[in-house]
1. Order by neighbour count: 92, 106, fewest other Cβ atoms within 10 Å first, most last.
2. Can you compute the modelled spin-label distance between residue 25 and residue 87, with each label point 7 Å from Cα toward Cβ, in nm?
3. How high is the relative contact order of the chain, given as a whole-number percent (alpha carbon pairs under 8 Å, six or more residues apart)?
4. Based on the Cβ-Cβ distance from residue 100 to residue 11, what FRET efficiency comes out when R0 is 35 Å, to the nearest 0.05?
5. Using label points projected 7 Å from each Cα along Cα→Cβ, tell me how many nm separate residue 314 and residue 229, to one decimal.
6. Quote the FRET efficiency, to the nearest 0.05, computed for residue 327 versus residue 40 with a Förster distance R0 of 25 Å and r equal to the Cβ-Cβ distance.
7. Testing the spin-label approximation: label points 7 Å from Cα along Cα→Cβ at residue 355 and residue 70. State their distance in nm.
8. Over the alpha-carbon set of the stretch 1-148, divide Rg by the Kirkwood Rh and report the Rg/Rh ratio to two decimals.
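Rule-based calculations on the coordinates, nothing more; no lab input. What you see is a predicted model; the values in this text were computed from it and never measured. Cβ atoms come from the backbone with ideal geometry, glycine included; neighbour counts cover every protein chain shown.
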């Protein structure tokens, strides 16, 4: 680790010198890339310098303690400080997900279970909307299919991080936290449609994708088949008198995206293209990770979609995340957006895996 830290400190010093050169700023792309790398290295180098200083001070205190025992206590304090800095350095050296600063496109789809599953999908949607609100993020429902009782057959929402999230040690983007939410979420409760009071089990699927910028995912218009149709509401009742809904088929991949939430055909087309770009980016990332054989249990794009990731048990007010063995009896609070502890446990497990792999 020390050798790696010394190399990073040298790289940091080199970039610092480069950024002081006016000629470098003539190339804005290069300057931007150097600035980003400099920002990534700065906290690591600062902690490394502190660690070296404390290490030197500790050695001096140990030597002085041979002549003056009063320095022994100072040496112990410095030893604890050195251990804290070393732990911080280990965390800082964990490989960072390059997409962590991204906003996300989040989809919730009802599974088997009919209306009860659709109502649960609505509960999950509200949970994520409230969590985003707690983080100071902005949300936008891009498309939704509402059922008769107010549930959701499917719903797509964009989550944009307006500022740094409140979870300690996490980057700015919504992806850094919501990427752990992908998979099958199971609910155990008495449905509102159940007259006998029996507990039923149903499920809903969650898909989380980093939102792609247009420059990141290039889409050839010739690869698209665009169909327009009339928007409809619950029960098939027409809610629009024009063909404003849009369905886009990406012919090379077979991905189909539809949007009918906006009032105009142009708005629906732009919203559908946002979702399509996110899906194409997720597919490209999944393919790249498969080729690299880099399986990570916390990464939503590598999770088997049939995998049950979490259970919401209403009778016991219990939430269980099966990936990390997390269990708590505050389901009501979690459904009200208090997801910090659950996601924090997943972040800690992910970090531990990365640290183990980096050693």
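1. On the way: 92 19, 106 26.
By the 10 Å Cβ count, ascending, the order reads 92, 106.
2. Distance between label points: 4.1 nm.
3. Working: 596 pairs, mean separation 54.1, N = 359.
Over the chain, the number comes to 15 percent.
4. Values: r = 21 Å, r/R0 = 0.59.
Given R0 = 35 Å and the Cβ-Cβ separation, E is 0.95.
5. 3.2
6. On the way: r = 35 Å, r/R0 = 1.41.
Here the calculated transfer efficiency is 0.10.
7. Taking the simple label geometry, residue 355 and residue 70 are separated by 3.7 nm.
8. Radius of gyration over Kirkwood radius for the stretch 1-148 works out to 1.23.
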